[in-house]
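Every read-out reported here was derived from the displayed coordinates using simple, explicitly stated rules and does not represent laboratory data. Keep in mind it's a predicted model, so treat the numbers as computed, not measured. Virtual Cβ from ideal backbone geometry, glycine too; neighbours counted across all protein chains shown.
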């Protein structure tokens, strides 16, 4: 089935923010200072996004911090309004950050000058889906999916997609509850569940063409068991989309790899990976970016800090390595992983040094470098903030 939706072009307002000045994007809630140190060199290696969640948005729109981190671990701190489960989008020489009614394009220079694009009230969003964004069309376009609400008659769920390029920005509501999403560099794909029966799963291809969203939706499967959690985003592997999920079965948790043929959506292959004890949640993955494809192998990182490689042709799982000196504790909100150009980056709080750090591993498990972030805890202060995204800047 093919459905075509049109969308209105949003209004564009450009605001230049200088590094030595105050952030002007805080609107009616007042201004907050951009803080940096003389040592910050611009051209960041990584970016972090912390924000209040919805329950902690007591007044106004909450609080968030984006931290840009250079090669030496020096921070540039950018305070903004909060947006639960938001995600960052590295986009050319800028990083895109969505707000409830704005899109900020922040340059990777030392001053971090930004441009602000304002959406109509109908495009306002309240929460993301957690790292459900990306770039398509040879990196010329971006997209981001946002969690919404039930319709007034409760017959369907409402999500929102925002997308655009260097100069045009759009948004459109979708009558879907998105369980997981991803892209193949050309189109966006997602798995959704039925409102009346959450075990009924659908698979949708979404093409973004100018100001239009073209969708092709097909029935995927009816899941079994006591519950299902998608632990990773969908990633492309040739003509397939891959993702890792867990089924709750009694006191056990079964981890599986899902392989969906983009052209024959009814063809879903599943590969069993691991079993965990279901009496705790230590197996929970750090974040949706915990998956990567290299050649015939699918790499993933589980919540215990083990890095595995699944050989698809041979249907064989191998433990590659364990994250150095890591033991799963209760600090899940201070830990995320990200794969980039055949490297695994691990952001964590190290209790042995009482500070945050970024570790870079190759796919064989060798640590290439460790970047200490001694100032991060001080910058976060006593605010109730949650880590929602960690990105490595692709250059």
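Could you give the radius of gyration (one decimal) and Dmax (whole number) of the Cα atoms in region 198-254, in Å?
Values for region 198-254 (Cα only, Rg and Dmax): 14.5, 48 Å.
Rounded, prolate or oblate: which fits region 66-113 when a ≥ b ≥ c are the square roots of the eigenvalues of the alpha-carbon gyration tensor, with rounded for a/c under 1.5 and prolate only if a/b beats b/c?
Cα axes put region 66-113 in the prolate bin.
What whole-number distance in Å separates the alpha-carbon centres of region 240-305 and region 197-222?
21
Once you keep just the Cα pairs under 8 angstrom separated by 6 or more residues, what percentage relative contact order results for the chain?
13 percent.
Let me have the relative contact order for region 93-151, percent, based on Cα pairs under 8 Å that are six or more residues apart.
That works out to 23 percent.
Restricting the calculation to Cα positions, tell me the Rg (one decimal) and the Dmax (whole number) of region 61-163 in Å.
Every Cα atom of region 61-163 included, Rg and Dmax give 14.8, 53 Å.
Can you tell me the relative contact order of region 168-228? Whole percent, Cα pairs under 8 Å, sequence separation 6 or more.
23
Which shape class applies to region 238-310: rounded if a/c is under 1.5, otherwise prolate when a/b exceeds b/c and oblate if not, where a ≥ b ≥ c are the square roots of the Cα gyration tensor eigenvalues?
It is oblate, given that a/c is not under 1.5 and a/b is not larger than b/c.
At q = 0.06, 0.11, 0.15 Å⁻¹, what is the log10 ratio I(q)/I(0) for the chain, with the Debye formula run over Cα points and no solvent?
-0.23, -0.81, -1.55
Using a Gaussian network for the chain with springs between C-alpha atoms less than 10 Å apart, which of these wobbles most: 95, 244, 367?
So, out of 95, 244, 367, the one fluctuating most is 367.
Run lengths n ≥ 4 of DSSP H only: what is the helix-derived mean residue ellipticity at 222 nm for the chain, with -39500 (n - 2.57) per run over all residues, to the nearest 500?
Taken over the chain, the calculation gives 0 deg cm²/dmol.
Using the 10 angstrom Cβ neighbour count as an exposure proxy, how do 229, 67, 219 rank, fewest first?
Placing the least packed residue first, the sequence is 219, 229, 67.
Would you kindly calculate the translational diffusion coefficient of region 241-395, applying Stokes-Einstein with the Kirkwood radius from alpha carbon pairs, for 25 °C and a viscosity of 0.890 mPa s, and quote it in µm² s⁻¹ without decimals?
Reported coefficient: 145 µm²/s.
Please say if region 146-203 is rounded, prolate or oblate, where rounded means a/c under 1.5 for a ≥ b ≥ c the square roots of the C-alpha gyration tensor eigenvalues, and otherwise the choice is prolate for a/b larger than b/c and oblate otherwise?
It comes out oblate by the Cα gyration axes.
Whole percent per 10 Å bin, from 0 to the bin with the longest distance: what is P(r) over all C-alpha pairs of region 313-393?
The percentages, shortest bin first, are 15, 47, 28, 8, 2.
Between 130, 210, 295, find the one with the highest GNM mean-square fluctuation for the chain; connect C-alpha pairs within less than 10 Å.
Largest GNM mean-square fluctuation: 295.
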